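Below is one structure, written out as structure tokens; the observations come after it.
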Amino acid sequence: MKKIAILTILSFVLFACGNKENNQSIESLIETKNIKALNEKKTALQAEIAKIEAGLARLDVKKEEALVTVATIKDTIFNHYLDIQGSVDTKENILIQPEFSGTLTSLTVKAGQRVAKGQILGRVDDAGMSQQLASAENQYSLAKTTYERQKNLWDKKIGSEIQFLQAQTQMISAQKAVAQIKAQLSKTVIRAPFTGTIDEVFAEKGQVVSPSAQGLMRIVNLSNMYVATTVPESYIGKLKIGDLVDVYLTSLGKTYKGKVRQVGNFINPNNRSFGIEVSLPNPDNLLRPNQVAKLKIVDYVNKNAIVVPTAVIQEDGTGSKYVYVVEGSNGKTGTAKKIVVTVGKSSDNVTEILSGLSENDSIVTEGVNTISEGMKLNF
């Protein structure tokens, strides 16, 4: 188009810029109908135009260029992740309830205190059961002595069998009565069910307590944390106990390494998913129940993969995916070439290329939207 425009302008100049004498000469030739002379002038003008075209052909008309960023492809390990959200929890997070209703006569812990399994946390008034126990133990002691004497006599064939059996029965009954009172009395003592930390205390010493929705206190063990979540049923067989999982805590901005410790055996018919649990270390004691966690579970690995940034892959009108590679590179410049590719899985802003590219190919990574095939590239 540029050549045509230039030729048009030059032709106009050649014809328009001729001196007045030439114009008059041409007009006179026309009036005299001198066809031979007119043809000679036409031939001369065509020779001038041919010279101009030859000059334009020798000119180096600069092609369109683009400034881009390129990268060389290398084989790499490609991991595809299942990204799901879960919630941090611990199975050792409970409200401690009094097993015996009465006045809280003792409260030996406070919020934030570390306690060991079995440690006494408080006591409830036993309503006179201590005296009942003492009386029952006396009765048992007497019944036991009677039984032992009756047994000695029976072993010597003295006395009747019925006397021996009655003494044995009385002793056993008294023993059971003592055990029963002791069991009831033990319920007045509040103990830690596991080693952990007292998170909150809801009762006060002297308060009448009984089992309730609030409870007496909350105890939490933060050393046995895990993330609970659900995954689609299509992942059955892909997740196994012991699989490593990256767990990102949004509230902490930290990533923890966890392991799948449980895989559910039931498919929820409402959302076609099954539950898993991922155990989490808590070395800094920063994890808390109900924290939001983002899990990245590896479900596909290619140890010799060709991957490119997902953003460089484009799609043409036929639905084919393509990228631009650099041809004829001399380290600073090259030519853009469109290469149709077959894509695989995508993860972490990169996409696996199944066909179309090879190792050591140079691809355009920045500026792909401003270039076309054959364009000169500067990088």
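The values are calculated or read from the model by the stated rules, or taken from the named source; none is laboratory data. As the structure is a computational prediction, the values presented were derived from the model and not from experiment. Note that each Cβ is placed from the backbone with ideal geometry, even for glycine, and that neighbours are counted across all protein chains shown. Ligands, DNA and RNA are excluded from the accessible area calculation, which covers all protein heavy atoms including side chains. Shrake-Rupley method; radii C 1.70, N 1.55, O 1.52, S 1.80 Å.
Summary of computed values
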| read-out | value |
| --- | --- |
| Asn369 touching a helix residue (DSSP H, G or I) at 6+ places or on another chain (Cβ under 8 Å) and farther than 12 Å from Ala71 by Cβ | no |
| Selection status of Thr230, farther than 23 Å from Asp284 by Cα and assigned to a strand (DSSP E or B) | yes |
| Residues of region 233-289 that turn out to be closer than 20 Å to Tyr300 by Cα, among the aromatic types (Phe, Trp, Tyr) and either at pLDDT below 90 or outside any strand (DSSP E or B) (or both), as a count | 1 |
| Tally, over region 114-167, of residues that are assigned to a strand (DSSP E or B) and either buried (at least 17 other Cβ atoms within 10 Å of the Cβ) or touching a Lys or Arg at 6+ places or on another chain (Cβ under 8 Å) (or both) | 6 |
| Candidate set: region 290-335, residues that are assigned to a loop (DSSP other than H, G, I, E, B) and more than 30 Å from Ile371 (Cα to Cα); chosen: the one most open to solvent (accessible area, probe 1.4 Å) | Asn290 |
| Scan of region 339-356 for residues that are in a strand (DSSP E or B) and among the charged types (D, E, K, R), ordered by number | Lys345, Glu352 |
| Matching residues in region 239-252 - criterion: being within 16 Å of Asp83 (Cα to Cα) and either touching a Cys at 6+ places or on another chain (Cβ under 7 Å) or surrounded by 14 or more Cβ atoms within 10 Å (Cβ to Cβ) (or both) | Leu239, Asp243, Val245, Asp246, Val247, Tyr248, Leu249 |
| Pairs where the first residue, in region 159-182, is farther than 14 Å from Gln132 by Cβ and the second is among the aromatic types (Phe, Trp, Tyr) and part of a helix (DSSP H, G or I), C-beta under 6 Å, 6+ apart | Phe164/Trp154; Ala167/Tyr147; Gln168/Tyr147; Met171/Tyr147; Gln175/Tyr140 |
| Members of region 209-232 that are among the polar types (S, T, N, Q) and either at pLDDT below 90 or more than 18 Å from the chain's Cα centre (by Cα) (or both) | Ser210, Ser212, Gln214, Asn221, Ser223, Asn224 |
| Test for Val208: is it touching a residue at least 12 places away in the same chain (Cβ under 8 Å) and surrounded by 16 or more Cβ atoms within 10 Å (Cβ to Cβ) | no |
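Conditions (1) in contact (Cβ under 8 Å) with a residue 12 or more places away in the chain; (2) open to solvent by less than 40 Å² (accessible area, probe 1.4 Å); (3) not charged (D, E, K, R), marked per residue:
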residue: Leu280; (1), (2), (3): yes, yes, yes
residue: Lys338; (1), (2), (3): yes, no, no
residue: Asp348; (1), (2), (3): yes, no, no
residue: Gly374; (1), (2), (3): yes, no, yes
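A quick yes/no check of all residues on (1) under 15 Å from Val109 (Cβ atoms); (2) out of contact with any strand residue (DSSP E or B) (no Cβ under 9 Å at 6 or more places or on another chain):
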{"residue": "Gln170", "(1), (2)": "no, yes"}
{"residue": "Ala179", "(1), (2)": "no, yes"}
{"residue": "Lys182", "(1), (2)": "no, yes"}
{"residue": "Lys187", "(1), (2)": "no, no"}
{"residue": "Ile219", "(1), (2)": "yes, no"}
{"residue": "Leu249", "(1), (2)": "no, no"}
{"residue": "Tyr256", "(1), (2)": "no, no"}
